[in-house]
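Everything below concerns the one structure shown next.
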Amino acid sequence: MYVEKRTPSKRGGGTISATSCSAGTCGSRALRAAGAAPEEPEAESDMCAALVDTIVMLVGRRLPARRPWGVRRATLRRMRRLFPSRAAPSPAPQWSLEEIAEEYAYPLPEELEGPGGRDGAWLRGNMVASLDGATHHGGRSRPLSSEADMWIFGVLRGLADVVVVGAETVRQEGYGPARVREAFADRRAAAGQSPAPVIAVVTASLELDWSGPLFTEAVVPTLVVTGEGAPAERVAEARAAGAEVVFAGPGAGAEAARVPGALAARGLRRQLTEGGPRLLGQFAAAGVLDELCLSVAPLITVGDAPRITDGAGLAAPEDYSLEGVLEEAGFLFTRYRRIRQ
């Protein structure tokens, strides 16, 4: 079995954790005591090799020229300490709203053309999850959030042309229209954006409350994104309620791969999706999710809440590069960008 041992570090203080193999499993001490010759099972050899690799990585020492059986030469890893940083000032530096906005700024218009941004669109996802991967607690994401998370949430909306959300999330979270944020007024005006981002609801059934604030109090008309085969009477109801209907595909519902292009055709290129998990999973599976902003809450929920994406697995995992990490009160605000071949 593996036993974790914490010992004082001789390299800068603190402690290090090392995983060791007990004599009853990986070592030959018990066999020698019984007068038997040690065996060399493949599984035990691999575990001991992994142990030596770990120790070498931690203490930075080279293995001796003569290696015991089953021990492979290890390599050092180039790893950075993101938190806590001994070099970071204390207390943590303060970030202005403008600095946070620059940190999360969308790519420049010329960067949105070509294979890196289909039809000039850039689709960013924003989700929050607990340490054990839950996206909600009691059916709502708010219990997993924090003041800082809501601040980031507001910044991402303040930068976006359009907020794309699934109909089920609209119903569960009680979505209303995006509000005008005075702090972003000048920035949005300079970029040629509307005073508030457009809300675009992706739905096949069009079973929405047309009398709700999302449709009756919106500063800019709410969009309903569906397929050309959607029920005609529902499409008529949406338009009568003041919504604008956008078709993304010939079927009954919108095709995830066509949604970014359909919105970009209306000049809505800086796109933000807030899920839910099913819609985010569809975007990821279609290969149109350019960026993911994931807030990790220092909370454990257990339960059966879904992960941030829900749907059929990909044939092969998609690669994303880490673009940034911010931290406040134990919450991590990460940003990843898809690596396009």
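Within region 155-183, work out how many residues are of a type outside the set (Val, Ile, Thr), over 21 Å from VAL202 (Cα atoms) and touching a helix residue (DSSP H, G or I) at 6+ places or on another chain (Cβ under 9 Å).
Result for region 155-183: 2.
Quick one: which helices (runs of 4 or more DSSP H) sit completely within region 138-254 and have at least 1 residues that are within 30 Å of PRO298 (Cβ to Cβ)?
In region 138-254, 147-159, 167-173 are the helices (runs of 4 or more DSSP H) which contain 1 or more residues that are within 30 Å of PRO298 (Cβ to Cβ).
How about region 136-150: which of its residues are at pLDDT 85 or above and loosely packed, with under 15 Cβ neighbours inside 10 Å?
GLU147, MET150
Only one of GLU168, GLU217, GLU207, GLU173 is within 19 Å of GLY275 (Cα to Cα), more than 28 Å from the chain's Cα centre (by Cα), in the same structural domain as VAL128 (by TED's automatic domain parsing) and of a type outside the set (A, V, I, L, M, F, W, C). Can you tell me which?
The match here is GLU207.
Going by what's in this entry, would ASP119 be described as over 18 Å from the mean Cα position of the chain (by Cα), among the acidic types (Asp, Glu), assigned by TED's automatic domain parsing to the domain that holds GLU328 and on the phi > 0 side of the Ramachandran plot?
Here the answer is yes, as ASP119 does meet what is asked.
Evaluate region 143-161: report whether one residue or more is in contact with a strand residue (DSSP E or B) (Cβ under 8 Å, 6 or more places away or on another chain) and under 17 Å from LEU214 (Cα atoms).
Among the residues of region 143-161, at least one is in contact with a strand residue (DSSP E or B) (Cβ under 8 Å, 6 or more places away or on another chain) and under 17 Å from LEU214 (Cα atoms), which makes the answer yes.
I'd like to know if region 129-150 contains one or more residues that are in contact with a Phe, Trp or Tyr (Cβ under 7 Å, 6 or more places away or on another chain) and of a type in the set (A, V, I, L, M).
Within region 129-150, one or more residues are in contact with a Phe, Trp or Tyr (Cβ under 7 Å, 6 or more places away or on another chain) and of a type in the set (A, V, I, L, M).
How many residues does region 194-245 hold that are surrounded by 20 or more Cβ atoms within 10 Å (Cβ to Cβ) and on the phi < 0 side of the Ramachandran plot?
Of the residues in region 194-245, 19 are surrounded by 20 or more Cβ atoms within 10 Å (Cβ to Cβ) and on the phi < 0 side of the Ramachandran plot.
Taking interchain pairs and intrachain pairs at least six residues apart, which have beta carbon atoms under 8 angstrom, with the first residue in region 169-185 and free of Cβ contacts under 8 Å to residues at least 40 places away in the same chain and the second assigned to a helix (DSSP H, G or I)?
TYR175/THR169; TYR175/LEU214; ARG181/GLY154; ARG181/ARG157; ARG181/GLY158
The values are calculated or read from the model by the stated rules, or taken from the named source; none is laboratory data. Keep in mind that what you see is a predicted model, and the values were worked out from it rather than measured. When we count neighbours, we look across all protein chains shown, and the Cβ atoms used for this are built from the backbone with ideal geometry, even at glycine.
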